[in-house]
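Data block below; observations after.
The values are calculated or read from the model by the stated rules, or taken from the named source; none is laboratory data. In this text, all values refer to a predicted model and were calculated from it rather than measured experimentally. No Cβ is skipped: glycine too gets one built from the backbone with ideal geometry, and neighbour counts run over all protein chains shown.
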Amino acid sequence: MTFKNPHFFLLFIFWIPLILLYILRERKSKVTVRFSDLSILKKLPVSPFLKLRHILLVMRLFGIGFIIIALARPQKQHTEVDVTTEGVDIMLILDISESMKALDFKPDNRLEVAKRCLKDFVKKREHDRIGLVLFGGRAFTRCPLTTDYGVLLQMIEEATFTDFSQSTAIGTAIATAANRLKDSPAKSKVIILLTDGANNAGDIPPLTAANAAAQLGIRIYTIGVGKEGKVPFPVEMVNPHTGQRFQRIQTIESDVDEKELKAIAALTGAEFFRAQNSEALGEIYDEINKMEKTEIKSISHISYSEYFYKWLWIGFLILMAEMLMQKTVFRRIP
């Protein structure tokens, strides 16, 4: 509650002379009817109205007080905020090729760690449209651009290896994501590509796809995951005698094509990152999150509701009641 004219509260100072005048009048009041003998009157019970006569002063003070509050114009403020955003449209590209099963990000494989980092990244975004492309030997849009992060997070969680995970089509994945962004009205259009391999499938060379994306104003951040050199890799084996399947850990050579991933990022005005452990991967997504900020503009509209009439009516009614009681139950005999 606010007051439009708070200076009217200074009128409360007039309560002081009202109270002083009332006290002086009570002290100077004289009996106007004389009796020769008061002994009979002393036996009469005292009227309750005599004891309550001071209530008239209280009612007068409160009546005047409520009117003063009404003059101060009590108001309730209503604030409406119009939020407009110049968001970022982001397509996440996640590699689900067989090499993402490598266990150099122990205790989980590369794919599980990447999924956790992707989900953390999405949870930190607001107002942006984000989509998801999965790729192995071919690429497909798992989730189009959306602000329904609950659905997107579920799609990321469900990402797993498929029957086309035997190879890596980076160029096709970039082209698929760029196709989703080409008609976007967003101020900023971004692709975040995560892979642990080199392009060895698809009909579109990665640099050709990146050049087309650059022409559309799309930046491509590239992330190469995996330690250098030989890394542990689970291989499913079958016992030739019993047919029982079991898993054996072997070592394979990590084949991240850093040179090409750097070229893709540079061609589109973005950056390349290398993550050799789960902590580094999380930090990379945090850094990208800071670089690609959404611009939010807000305009506040303030309106006021007047409440003075309630206080005015209460004060008026109290004063009317005080005047009525003064002329009736508290009437003085002349």
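Data for the structure
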read-out: Number of positions in region 217-234 that are surrounded by 12 or more Cβ atoms within 10 Å (Cβ to Cβ), over 38 Å from the mean Cα position of the chain (by Cα) and not basic (Lys, Arg); value: 5
read-out: Members of region 105-116 found to be touching a helix residue (DSSP H, G or I) at 6+ places or on another chain (Cβ under 7 Å) and either of a type in the set (Ser, Thr, Tyr) or surrounded by fewer than 23 Cβ atoms within 10 Å (Cβ to Cβ) (or both), listed by number; value: ASN109, VAL113, LYS115
read-out: Qualifying residue in region 117-129 (condition: assigned to a helix (DSSP H, G or I), under 11 Å from LEU94 (Cα atoms) and out of contact with any Gly (no Cβ under 6 Å at 6 or more places or on another chain)); value: yes
read-out: Hits in region 286-304 - residues which are part of a helix (DSSP H, G or I) and at pLDDT below 85; value: MET291
read-out: Cβ-Cβ under 6 Å pairs, at least 6 apart or on other chains, region 303-320 side farther than 15 Å from THR2 by Cα, far side among the aliphatic types (A, V, I, L, M) and assigned to a helix (DSSP H, G or I); value: LEU312/ALA70; GLY315/ILE67; ILE318/MET59
read-out: Residue check for LEU10: surrounded by fewer than 16 Cβ atoms within 10 Å (Cβ to Cβ), farther than 30 Å from GLY171 by Cα, within 60 Å of the chain's Cα centre (by Cα) and modelled with pLDDT of 85 or more; value: yes
read-out: Count - residues of region 159-186 that are under 26 Å from the mean Cα position of the chain (by Cα) and either farther than 15 Å from ILE93 by Cβ or surrounded by fewer than 21 Cβ atoms within 10 Å (Cβ to Cβ) (or both); value: 3
read-out: Every residue from region 179-202 that is farther than 26 Å from LYS101 by Cβ and touching a residue at least 40 places away in the same chain (Cβ under 8 Å); value: ARG180, LEU181, SER184, ALA186, LYS187, SER188, LYS189, VAL190
read-out: Residues located in region 130-145, provided they are surrounded by 15 or more Cβ atoms within 10 Å (Cβ to Cβ) and part of a strand (DSSP E or B); value: ILE130, GLY131, LEU132, VAL133, LEU134, PHE135, ALA139, THR141, ARG142, CYS143, LEU145
read-out: Set ALA186, ALA178: member being in the same structural domain as ILE252 (by TED's automatic domain parsing), modelled with pLDDT of 90 or more and small (Gly, Ala, Ser); value: ALA178
